[in-house]
Amino acid sequence: MEEKAGRRVVLVPVPAQGHINPMMQLGIALHLKGFSITVALTELNHLTSPWEDFPDFQFVTIMGGLSESEFKKLGPVEFLIKLNDMCESSFKDCLGQLLQQKQGNDIACVIYDEYMHFAEAAAKDFNFPSVIFSTTNATAFVCRFLLGRFKENWFLALLKGTSGFSVSDLHKSLNSCRAVSMVLFFIEPGEQDKLVPEFHPLRYKDLPTSAFAPLESSLKLYTNVVNKGTASAVIINTASCLESSSLSRLEQDLQAPVYPIGPLHKAASASCSLLEEDRSCIEWLNKQKPSSVIYISLGSLALMEHKEVVEMAWGLANSNQPFLWVIRPGSIPGSEWTESLPEEFGRIVSERGHIVKWAPQKEVLSHSAVGCFWSHCGWNSTLESIGEGVPLICRPFSGDQRVNARYLDRIWRVGIQLEGELERGDVEKALRRLMADEEGVVMKKRALCLKEGVEASVRHGGSSHNSLNEFVDFIKGL
Ligand code: UDX
């Protein structure tokens, strides 16, 4: 542990696996720098007994949050909007209680997940500095920031044709505004496949809007994030070797210091799986040939259509490769687990497949038997795959995953994105390109180079390592 900074940082994560993981990794990284850590969890936090896994951290509960059933009913976007409305005053109570205790006197700052902006308003009341932590990448952050700058009412009026002016008026009056060109695709049909100006290689259809909610709700959430955001700085779980131009652009747009300190899982490991990991898959992997297995996982939230699952299953079966497939219970609507898979597929699985409900993913990706990762391209999965030099089949589902998939395919060139309606023949072809053809060999080499790059960035003297130190100096000086 480095010199004791002795001050306390309060962390406010979104209660979801893809956000809790990086926030807890950040907590460990800051604890290693000598900070005391308080984690403020909403009542719905999914972590059963976090104090056992993080004995050095203090945990407090933000009362009055929403329940699991409300999360299911509302979906993630509406849930976050409501959670922000409900939690500000209870979080103020939490900070007030901390102040009454010894620990509260020395709060250096409140670090909140970008989507938990209620924390900033509460921190302001106590004159605590606040810092945004973005658990997605810088490029998606820039896109959300620009989309969020639209005044929601004005934008909706435009969508409904009641604003009194047309798209071309808008073009004329706001020609220089990048955000305008971004939203035009919502209005003008046939724009989806075109490149967004100044955002190469993103197309309009790659912009990070949510599959879980109507467009209006995504924009409302982004607008709230932008409007409420007067944080002192932004930290982001990415490395400058992955997206240096988006990072510079972000710094320019935000006019606040931006600290890329990732990939955090390489700098600080934290075990905070919300579901029980089935370790039988490691024993199964131990019996497979090197680089032969296709690992399939779509993260903690994505849903699969029944028709798509059947095409995936037959594509996998016809590829003749062994595969390890994580199917979360409930992720195929209308099915409890795997009962909707074709019966004949079951026979193939018993020969060369293994299906689990949840896997120790980082361990799986670092296993020598794994040859490729079929992913929904959540940012954590993306970083974890890059961090192990594993090439990907990219099938994004929602939000930032589309940006990540496009970067994996077009910028870092370590993935093949499958687009449009999924067909077993296309699945089989893509798997062959990656697992058997020369193209796959070249892609694997690039993936190993990228792995070296991100590992170097978190090592002593690397860009993310330095950025974390600069951030520590920054908060010590607040
Ligand atoms: C969500 C968003 O969907 C994602 O796009 C955003 O970047 C973060 O929040 P999620 O969909 O769960 O996250 O995907 P991802 O970011 O990949 O995070 C999933 C995490 O769960 C990863 O850290 C992964 O290692 C872990 N995981 C996944 C397991 O531990 N076991 C599994 O079987 C599957």
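The values are calculated or read from the model by the stated rules, or taken from the named source; none is laboratory data. Keep in mind that this is a model prediction, so the values were computed, not measured. Here Cβ is always computed from backbone atoms with ideal geometry, including for glycine, and neighbour counts include all displayed protein chains. Each accessible area value is taken on the protein alone, full model and side chains, heavy atoms only, with ligands, DNA and RNA left out. Shrake-Rupley method; radii C 1.70, N 1.55, O 1.52, S 1.80 Å.
Worth pointing out:
- Residues in the stretch 226-252 that are open to solvent by 20 Å² or more (accessible area, probe 1.4 Å) and under 19 Å from Trp379 (Cα atoms): Ser240, Cys241, Ser244, Ser245.
- Hey, Val442 under 26 Å from Ile282 (Cβ atoms) and either among the β-branched types (Val, Ile, Thr) or in contact with a Pro (Cβ under 8 Å, 6 or more places away or on another chain) (or both) or not: no
- Residues that are in contact (Cβ under 8 Å) with a residue 12 or more places away in the chain and part of a loop (DSSP other than H, G, I, E, B) within the stretch 72-125 comprise Glu114, Tyr115, Met116, His117, listed in sequence order.
- The residue of the stretch 25-44 that is surrounded by the most Cβ atoms within 10 Å (Cβ to Cβ), among those that are out of contact with any Leu (no Cβ under 7 Å at 6 or more places or on another chain) and free of Cβ contacts under 8 Å to residues at least 40 places away in the same chain, is His31.
- In the stretch 276-306, the residues that are in a helix (DSSP H, G or I), more than 16 Å from the ligand (Cβ to nearest atom) and within 26 Å of the chain's Cα centre (by Cα): His306
- Among the residues of the stretch 327-358, those that are open to solvent by less than 10 Å² (accessible area, probe 1.4 Å) and within 14 Å of the ligand (Cβ to nearest atom) comprise Ile327, Ser331, Val356.
- Only one of the listed residues (Glu191, Glu120) is modelled with pLDDT of 90 or more and charged (D, E, K, R). That residue is Glu120.
- Count of the stretch 403-427 residues, restricted to those that are surrounded by 18 or more Cβ atoms within 10 Å (Cβ to Cβ) and either touching an Asp or Glu at 6+ places or on another chain (Cβ under 8 Å) or closer than 17 Å to Trp314 by Cβ (or both), is 10.
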